[in-house]
1. Using 7 Å Cα-to-Cβ label points, what is the ILE69/GLU143 separation (nm, one decimal)?
2. For the chain, modelled as a Gaussian network with Cα springs under 10 Å, which listed residue fluctuates most, TYR62, TYR100, TYR42?
3. Mind checking the full-extension length gain between THR179 and ASP52? Use 0.36 nm per residue of separation minus the Cα-Cα distance, one decimal, nm.
4. Starting at 0 and stepping by 5 Å, how many percent of the alpha carbon pairs of region 48-97 end up in each bin?
5. If the label point is 7 Å along Cα→Cβ of ASP123, which residues in region 31-55 have backbone nitrogen under 17 Å from it?
6. Does region 18-74 come out rounded, prolate or oblate, given a ≥ b ≥ c as the square roots of the eigenvalues of its C-alpha gyration tensor, rounded meaning a/c under 1.5 and, failing that, prolate meaning a/b above b/c?
7. Please name which of GLY157, PRO40, LEU172 has its Cα lying farthest along the dipole of the chain towards the positive end, using unit charges on Cβ (Lys, Arg +1; Asp, Glu -1) and the Cα centre as origin.
8. Could you give me the ³J(HN,Hα) list for region 43-57, computed from phi with Karplus coefficients 6.51, -1.76, 1.60 and θ = phi - 60°, whole Hz, x at Gly and Pro?
Amino acid sequence: MVTVYFDFVCPFCYLGRSFWMRMQEERPVESTWVPWEIHPEYPPEGGPEKSDARARADLNRYRALGGDICRFELGHFSSNTRNALMGLEFARAAGRADAYIERVFRAVFVEDTNVSSVETVVDLGGEVGLDRSALERSLLSGEYGQVLAERDREAEGMGLEVVPSFVRSGKLALAGTTTMDFAEFRAKYPAVWG
């Protein structure tokens with residue numbers, strides 16, 4: 001079992017998930033993707049927007065690393081992902097975690113959607129079959145806020161510093177995918193997971 005600590009605001013998490021899912025076709029390994037909020041300091045409405053020049057430079061970098069595996073479009077938003085990450089825990093409880101993760105990543109990195117608001121997260125959750133009213137109540141009450149705090153303590157306790165972090169048997173197996181393309185990820189995959 002591999003536990004992957006990630007955040008929806010991280011483009012390398014989106015790449016890493018795409019690489020991971022592609023490798024699952026060849027050599028499946030059970031995994032759980034868990035939230036780790038990397039920018040809790042962002043205001044509720046989200047962090048700073050990127051300029052067109054910065055967004056285009058980032059887009060070119062991401063496409064160079066994984067454009068053949070996953071789609072990226074121009075992105076300007078730096079979302080506060082707290083609601084989206086709590087929404088993941090709601091989706092996990094409903095058995096829809098994988099569909100939810102894919103939908104939120106697509107919203108952020110393909111559709112340039114700011115996923116900071118409860119309303120946006122409820123809309124995305126509804127699209128993957130979650131009960132919209134129950135999800136909204138859960139987010140407004142902060143039902144899964146404690147889970148995010150526990151994930152943060154877990155990550156810090158293991159000495160994790162970056163996302164995505166792939167953890168096996170409580171030990172870091174692979175940290176980050178910031179400079180890896182799919183061929184490099186694929187080469188590391190068998191050595192790490194057997």
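The values are calculated or read from the model by the stated rules, or taken from the named source; none is laboratory data. Note that the structure is a prediction, hence the values are computed from the model and not measured. Note: ideal-geometry Cβ built from the backbone for every residue, glycine included; neighbour counts use all protein chains shown. Side chains are part of the model used for accessible areas, which takes the heavy atoms of the whole protein and leaves out ligands, DNA and RNA. Shrake-Rupley method; radii C 1.70, N 1.55, O 1.52, S 1.80 Å.
1. Computed distance between label sites ILE69 and GLU143 equals 3.3 nm.
2. Result for the chain, Cα springs under 10 Å: TYR42 fluctuates most.
3. Working: separation 127, 0.36 × 127 = 45.72 nm, distance 2.25 nm.
Gain in length upon complete extension: 43.5 nm.
4. 5, 19, 16, 14, 17, 18, 10, 2, 0
5. Residues passing the 17 Å test: 45-46.
6. On the way: a/c = 4.25, a/b = 1.36, b/c = 3.14.
Oblate.
7. LEU172
8. Values, residue by residue: x, x, 7, x, x, x, 7, 8, 5, 4, 5, 5, 4, 5, 5 Hz.
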